[in-house]
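Trainee: Got a structure here, written out as structure tokens. Questions coming.
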Amino acid sequence: MKPARFDYERPADLAGAVALLGDGDAFAKVLAGGQSLGPMLNLRLVHPGMLVDITRIPELARVEEDADGLVLGACVTHAAIEDGRVPDVTGGALARVAAGIAYRAVRNRGTIGGSLAHADPAADWLTCLAAIGAEVMIYGPRGRRSVAAAGFMTGVFETVLAPDELVEAVRIPRLSARARFGFYKVCRKTGEFAEAIGAVLHEPERAVLRAVIGATDSTPIVVGDASGLFDGEPSTGRIDRAAAARLLDEKGLGGDGFAKQIHLVALARAAIGVQRP
Amino acid sequence: MTEKGVGARLVRKEDDRYMRGRGEFVADIKLPGLKDVAFLRSPVAHARILDIEVPEARRGAVFTAADMTGVRPIRAVSGLPGFKTSEQPPLASGKVRQVGEMIAVCVADTRAEAEDIATEVFVDFDELPVVSDMLAAREAGAPLVHEAWGDNVYLETTVDADVEAVAATAAIRVTREFRTARQCMAPLEGRGVVAHWDARLEQLVVYSATQMPHIVRSGLSECLGLDHGQVRVVAPDVGGGFGYKGILLPEEVCLGWLAMNCGHPVRWIEDRREHLTASANCREHHYRITAYADARGRLLALDAEATVDAGAYSSYPFSACLEAVQVASILPGPYDFPVYRCKTYSVASNKPPILPYRGVARTGVCFAMELIIDAVAREAGREPHEVRLDNLVAAEAMPFDNVTDKHFDSGDYPECLRRAVAAVDVAAVRQRQRRGEADGRRVGVGFAVFCEQAAHGTSVYAGWGIPMVPGYEQAGARITPDGGLELRVGVHSHGQGLETTLAQVANEVLGIDPDKVKLVHGDTGLTPYSTGTWGSRCMVMAGGAVAAACRELAGRVVKIGARLLQTEAGEVRLEGGRVVAPGGSVGLADVANVWYLHPQDLPDDVDPAGLEVTAGYKPERDSGTFSYAAHAAVVAVDTELGAVEIVDYVVVEDGGVLVNPMIVDGQVYGGTAQGIGTALYEEMPFDAEGQPLASTFADYLLPGAPEIPAIRLYHMETPSPYTEFGQKGIGEGGAIGPPAAIANAVNDALGDLGAELCETPITPRRVLAAIAAARGRGDAE
């Protein structure tokens, strides 16, 4: 269980990183916290010709707050968010989610950008940031672009990123004063991969009631207007099971009664759990 | 009792180096010229090997069975009539019978390069039908793991009785099927081997993470065709065993052969994927049991059929049948009932061999027996603990010979259970159940009572006729010139704390400070022969042997000391590590100083053997000590998600006289944590093609600290009448009770839904399936 041979580069800036990624001679993988990539290398599930270590690029560590929200560089760790070492614009929602990611040792090194780019369906940030309405900021040789977090992942371990692009940062919107956020993760034991995640954001001032069914077999199911699912008020936990089940069926999750059950329960409990920040 | 002797809560001596990260494990050993080894392992469960192609450039770095001429296969036979023998070549020869079986060994400067080489070797397989389920394996027409046998059964045993006569009169009759999942033992440190040929001594030196260095030496000698004197096996610090390191590994044979033939030392360190997908497993049992009882639940008879999936090969030395044979003899548990019938099958399948894991067969046995008792209690309409109290062997009946002639040495089983009932407060749980939980979960309480035969010796093992029969245990003891003590034992400590507890025994006899006692163990070159560390035997056997050796030393010390004090041996006593006479005293250092440096001062009739002895020990009866325990679990079951939370866990146990109660606490806590793993998390599933479906700890779930509740532990101390200090073997017990106690608690919680779980682990999926099945049957009250 040792990795096959690979080359290693640690560029000093974004341009250098994407140049390496676009080199074309070798299949290159971006290394951030390495908490998923490391084991995959050891298990020889991936055989990159080159690792591009982005942890020494200053822009990727940036943390910028403005009136609209917060920009977190891709290499900000889960632990930094958990510990409140970055500003909070979500009434504690991000810190709460961060604290539930895997184990502290993973959170110490694992990064928000790395988690998104890895696009494991069980990842917490994909579901959480889709519910919160965050944007993923992307850097590439053709310039910068942004996509909604809800549309960033395209499949299992697949995203909208081109091979020579990388996640530069995440823009987190500042939630309104009366915003409430619920997040419920089902996993077999502490720190284990999620089997189901429910996330609900309710912002009455902005008439936002968004629900996300995460940790599916593929991309999270984002319901932009979930008022129908919850009959308006989510915190009762009463959901339209038939409607939610249809969403799962469309994802091909309807066949397994167990998976369907725990996803519905996770969503209902996320709704019950919506807390005033 | 002395202050640091038997019964003292002494801090473990060995922990200083462990806690500072200064232990030396196999992977820490560096030898000049050492090369790393990786194995090419079979990706398929059952196939003929048509061809192995090694690239021209890799010749000399890759070896197959064809190269290892003269190496004999591993054969672990049993003398029981009808046992069919498997031959396990260290590298597959002609055929593979499990995923992970080794086909070629690759040698390189680093492990990564050795793994690179392994990917370049091509094997042409002719795949064969696979048998991956033990019940299917028993059926006629199943694919044959070992063609010459004609079936897939290593051994079939029968304990017969006239059950039918009882059945006709029994008011209660319950039948259940139980299954316990296949598990991996997952010690912190996996297996590891470093081997080199010592040209000066003409000796193969093998460093191995093993529980039984002497047995491994015998196995290596047999397979490699070497005299025992040409093999030295050293177990350095070892990070947990649990039975996983009680085996002669084919890897050890391969590395021994490489060291003898390649001219440089070699190393193999098992990685977690090998551990999970290729190496030996444990625990997989199936039971079909009918219990007959009177209307109050008093057991009248038990009729059982048990199957153990022993995998593709019989492992050395315990063999493929030990587990099922144990099932037959211990299934009746701590209960007193007259009629017992049991048929067992040790079955071969296209899966890795199984080994005895902490608790050996008892964890499965306890699960089956304790769940059937609860089923009987439900039929009788009584509290399960009350039915148990009516069936347990009574204190006044001790010592007691049970229905399978197990000789329970001492104890008060009903009192143990009563204390657990009181500690967990059954009445309060019942009240809580009536009240209901605010979060909608369902609460339940469950019990498990068991007794555990340990340190069982010659009379038990001789009948099984496996490659290893324990006899007398020996210890060497030597007083050093400065008055310290060296102990040499053939058992091995890999977490048990023997460096401390055996020093406490020495302190009890000689009064020497445990800090001045050095334990030498884990090295066939330095210690007396022993079958090693297994079966919770060390404290009874090695403890007894160390006491015997120290006692003999004491006699010699006293004689020399009396001379120094210018009196007669009869006038002095040994106290606090000093020879004391009415007029003064001398220490061990004074005595040692005379023996080693001033022999002119020795008495004329001194024992010329000096201050060094080897003494042997066997308990008065070698049928084993029986520690016992009652486990009680209170669980909360989330019926929407199927999740089980342990909200209270009580252990009341009796290990006889506890040599170091703090170490026993640790053993019980650790064992219980493993038992919780068996109950709720751990499972190594295989598909119909024999593919292991868990290859990392993300798939094979072990409980972590957050999953283990604050276990409330209470001790009873009923001495064994047969051992040196009254101590009993206690190391395994914690792992036996939890699956049964937790399953009974879950079934109690779900009782009014009509749901009942009879399989480990109790996963959310199984809980929801059981609830759904009950709803389908319309069982809910």
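The values are calculated or read from the model by the stated rules, or taken from the named source; none is laboratory data. The structure displayed is predicted, hence computed values, not measured ones. Cβ: placed from backbone, ideal geometry, glycine included. Neighbour counts: every protein chain shown. For the accessible areas, the whole protein counts, side chains as well, though only heavy atoms, and no ligand, DNA or RNA atoms are used. Shrake-Rupley method; radii C 1.70, N 1.55, O 1.52, S 1.80 Å.
Trainee: Search the range A:129-146 for residues that are without any contact (Cβ under 8 Å) to a residue 12 or more places away in the chain and pair each with any residue that is crowded, with 22+ Cβ neighbours inside 10 Å when their beta-carbon atoms are under 7 Å apart and the residues are at least 6 apart or on different chains.
Mentor: Within 7 Å, the pairs are A:Arg145/A:Ile138.
Trainee: Now a separate question. Kindly establish whether B:Ala741 is closer than 30 Å to B:Val637 by Cβ, more than 14 Å from every other protein chain (Cβ to nearest Cβ) and in contact with an Asp or Glu (Cβ under 9 Å, 6 or more places away or on another chain).
Mentor: Considered against the rule, which asks whether it is closer than 30 Å to B:Val637 by Cβ, more than 14 Å from every other protein chain (Cβ to nearest Cβ) and in contact with an Asp or Glu (Cβ under 9 Å, 6 or more places away or on another chain), B:Ala741 comes out as yes.
Trainee: Right, next: Only residues in the range A:1-13 that are hydrophobic (A, V, I, L, M, F, W, C) count as the first member; pair them with residues that are assigned to a loop (DSSP other than H, G, I, E, B) and open to solvent by less than 50 Å² (accessible area, probe 1.4 Å), Cβ under 7 angstrom, at least 6 apart or cross-chain, and list the lot.
Mentor: Listed pairs, sorted by first residue: A:Met1/A:Leu43; A:Met1/B:Asp271; A:Ala4/A:Arg44; A:Phe6/A:Pro48; A:Phe6/A:Gly49; A:Ala12/A:Ile57.
Trainee: I would also like to ask the following. Provide a single number: the residues in the range A:165-198 that are within 14 Å of another protein chain (Cβ to nearest Cβ) and either of a type outside the set (A, V, I, L, M) or in a loop (DSSP other than H, G, I, E, B) (or both).
Mentor: Filtering the range A:165-198 for residues within 14 Å of another protein chain (Cβ to nearest Cβ) gives A:184-198.
Keeping just the survivors that are either of a type outside the set (A, V, I, L, M) or in a loop (DSSP other than H, G, I, E, B) (or both) gives A:184-185, A:187-195, A:198.
Selection size over the range A:165-198: 12.
Trainee: Do we have any residue at all in the range B:120-135 that's surrounded by 12 or more Cβ atoms within 10 Å (Cβ to Cβ) and without any contact (Cβ under 8 Å) to a residue 40 or more places away in the chain?
Mentor: Among the residues of the range B:120-135, not one is surrounded by 12 or more Cβ atoms within 10 Å (Cβ to Cβ) and without any contact (Cβ under 8 Å) to a residue 40 or more places away in the chain, which makes the answer no.
Trainee: Are there strands (runs of 3 or more DSSP E) fully within the range A:11-76 with at least 3 residues that are open to solvent by 20 Å² or more (accessible area, probe 1.4 Å)? List them. Write out each step before concluding.
Mentor: Details: elements: A:28-31, A:50-53, A:63-65, A:69-73.
Where strands (runs of 3 or more DSSP E) fall fully within the range A:11-76 and carry at least 3 residues being open to solvent by 20 Å² or more (accessible area, probe 1.4 Å), they are A:28-31, A:63-65.
Trainee: Report, ordered by the first and then the second residue, all pairs with beta carbons closer than 7 Å, sequence separation of six or more or different chains, a first member in the range B:19-31 that is modelled with pLDDT of 95 or more, and a second member that is of a type in the set (D, E, K, R).
Mentor: B:Gly23/B:Arg17; B:Gly23/B:Asp237; B:Glu24/B:Asp237; B:Phe25/B:Glu189; B:Phe25/B:Asp237
Trainee: Please identify the pairs in which a residue from the range B:265-278 that is at negative phi has its Cβ atom under 6 Å from the Cβ atom of a residue that is of a type in the set (Asp, Glu), counting only partners at least 6 apart or on another chain.
Mentor: B:Arg267/B:Asp36; B:Trp268/B:Glu251
Trainee: Take the residues in the range A:29-47 that are among the hydrophobic types (A, V, I, L, M, F, W, C) and more than 14 Å from every other protein chain (Cβ to nearest Cβ), then tell me which one is farthest from the chain's Cα centre (by Cα). Step through it out loud before you land on a result.
Mentor: First pass over the range A:29-47, keeping only residues among the hydrophobic types (A, V, I, L, M, F, W, C): A:30-32, A:37, A:40-41, A:43, A:45-46.
Adding the requirement that they be more than 14 Å from every other protein chain (Cβ to nearest Cβ) leaves A:30-32, A:37, A:46.
On the way: A:Val30: 17, A:Leu31: 17, A:Ala32: 15, A:Leu37: 16, A:Val46: 21 Å.
The qualifying residue farthest from the chain's Cα centre (by Cα) is A:Val46.
Trainee: Something else about it: Could you check, for the range B:395-404, whether at least one of its residues is over 17 Å from B:Ala740 (Cβ atoms) and of a type in the set (Val, Ile, Thr)?
Mentor: Going residue by residue through the range B:395-404, those that are over 17 Å from B:Ala740 (Cβ atoms) are B:395-404.
So of that shortlist, the ones also of a type in the set (Val, Ile, Thr) come out as B:403-404.
There is at least one residue in the range B:395-404 that is over 17 Å from B:Ala740 (Cβ atoms) and of a type in the set (Val, Ile, Thr).
Trainee: Something else: Specify which of the listed residues (B:Leu680, B:Leu701) is part of a helix (DSSP H, G or I), under 26 Å from A:Lys260 (Cβ atoms), within 14 Å of another protein chain (Cβ to nearest Cβ) and in contact with an Asp or Glu (Cβ under 9 Å, 6 or more places away or on another chain). Working first, answer last.
Mentor: Details: B:Leu701 fails: part of a helix (DSSP H, G or I).
So the residue among B:Leu680, B:Leu701 that is part of a helix (DSSP H, G or I), under 26 Å from A:Lys260 (Cβ atoms), within 14 Å of another protein chain (Cβ to nearest Cβ) and in contact with an Asp or Glu (Cβ under 9 Å, 6 or more places away or on another chain) is B:Leu680.
Trainee: Within the range B:510-564, count every residue that is outside any loop (DSSP other than H, G, I, E, B) and under 30 Å from B:Gly584 (Cβ atoms). Full working, then the answer.
Mentor: Filtering the range B:510-564 down to residues outside any loop (DSSP other than H, G, I, E, B) leaves B:510, B:514-521, B:523, B:538-564.
Then keep just the ones that are under 30 Å from B:Gly584 (Cβ atoms); that gives B:510, B:514-518, B:546-564.
Total meeting the criteria: 25.
Trainee: Name, by its number, the condition in (1) touching a Gly at 6+ places or on another chain (Cβ under 9 Å); (2) of a type in the set (A, V, I, L, M); (3) crowded, with 19+ Cβ neighbours inside 10 Å; (4) assigned to a loop (DSSP other than H, G, I, E, B) that does not hold for A:Ala162.
Mentor: Only one criterion is unmet by A:Ala162, namely (3).
Trainee: One residue is enough: does the range B:88-101 have a residue meeting the conditions within 14 Å of chain A (Cβ to nearest Cβ) and either part of a loop (DSSP other than H, G, I, E, B) or open to solvent by less than 50 Å² (accessible area, probe 1.4 Å) (or both)?
Mentor: Just the residues of the range B:88-101 that are within 14 Å of chain A (Cβ to nearest Cβ), to begin with: B:100.
Now narrow it down to the ones that are either part of a loop (DSSP other than H, G, I, E, B) or open to solvent by less than 50 Å² (accessible area, probe 1.4 Å) (or both): B:100.
Within the range B:88-101 (the criterion being within 14 Å of chain A (Cβ to nearest Cβ) and either part of a loop (DSSP other than H, G, I, E, B) or open to solvent by less than 50 Å² (accessible area, probe 1.4 Å) (or both)), the answer is yes, since at least one residue qualifies.
Trainee: Oh, and also: Restricting to the range B:241-279, name every residue that is out of contact with any Phe, Trp or Tyr (no Cβ under 6 Å at 6 or more places or on another chain), assigned to a loop (DSSP other than H, G, I, E, B) and closer than 28 Å to B:Gln203 by Cβ.
Mentor: B:Gly241, B:Tyr244, B:Lys245, B:Ile247, B:Leu249, B:Gly263, B:His264, B:Pro265, B:Glu270, B:Ser279
Trainee: Which ones in the range B:365-413 are assigned to a helix (DSSP H, G or I), surrounded by fewer than 17 Cβ atoms within 10 Å (Cβ to Cβ) and of a type in the set (Gly, Ala, Ser)?
Mentor: Within the range B:365-413, B:Ala395, B:Ala397 qualify.
Trainee: Residue by residue through the range B:683-698, note down the ones that are surrounded by fewer than 16 Cβ atoms within 10 Å (Cβ to Cβ), away from every other protein chain (no Cβ under 14 Å) and aliphatic (A, V, I, L, M).
Mentor: B:Ala688, B:Leu693
Trainee: Something else now. Just give me the residues in the range B:175-209 being in contact (Cβ under 8 Å) with a residue 40 or more places away in the chain, surrounded by fewer than 16 Cβ atoms within 10 Å (Cβ to Cβ) and either of a type in the set (D, E, K, R) or in a strand (DSSP E or B) (or both), in sequence order.
Mentor: B:Thr175, B:Glu177
Trainee: Report every pair of residues separated by at least 6 positions or lying on different chains whose Cβ atoms are under 6 Å apart, first residue within the range B:617-640 and in a loop (DSSP other than H, G, I, E, B), second buried (at least 24 other Cβ atoms within 10 Å of the Cβ).
Mentor: Going by the 6 Å Cβ cut-off, the qualifying pairs are B:Pro619/B:Thr723; B:Gly624/B:Gln453; B:Gly624/B:Ala454; B:Gly624/B:Ala455.
Trainee: Please find, among A:Leu201, A:Leu209, A:Leu253, the residue that is away from chain B (no Cβ under 14 Å), part of a loop (DSSP other than H, G, I, E, B) and open to solvent by less than 20 Å² (accessible area, probe 1.4 Å). I'd like the intermediate steps shown before the answer.
Mentor: Details: A:Leu201 fails: part of a loop (DSSP other than H, G, I, E, B); A:Leu209 fails: part of a loop (DSSP other than H, G, I, E, B).
The match here is A:Leu253.
Trainee: Suppose we filter B:Thr763, B:Thr718 for residues that are within 27 Å of B:Ala422 (Cα to Cα), out of contact with any helix residue (DSSP H, G or I) (no Cβ under 7 Å at 6 or more places or on another chain) and buried (at least 17 other Cβ atoms within 10 Å of the Cβ); which single one remains? So that I can check it myself, show each step before the final result.
Mentor: Values: B:Thr763 fails: within 27 Å of B:Ala422 (Cα to Cα).
Sole residue among the options that is within 27 Å of B:Ala422 (Cα to Cα), out of contact with any helix residue (DSSP H, G or I) (no Cβ under 7 Å at 6 or more places or on another chain) and buried (at least 17 other Cβ atoms within 10 Å of the Cβ): B:Thr718.
Trainee: I need every pair where a residue in the range B:343-358 that is closer than 23 Å to B:Gly733 by Cα has its Cβ under 6 Å from the Cβ of a residue that is open to solvent by 10 Å² or more (accessible area, probe 1.4 Å) and among the aromatic types (Phe, Trp, Tyr), sequence separation at least 6 or different chains.
Mentor: B:Pro356/B:Phe318; B:Tyr357/B:Phe242; B:Arg358/B:Phe242
Trainee: Name the one entry in B:Ala770, B:Ala745 that is modelled with pLDDT of 95 or more, surrounded by fewer than 23 Cβ atoms within 10 Å (Cβ to Cβ) and part of a helix (DSSP H, G or I). Steps first, answer last, please.
Mentor: Numbers: B:Ala745 fails: surrounded by fewer than 23 Cβ atoms within 10 Å (Cβ to Cβ).
The unique qualifying residue is B:Ala770.
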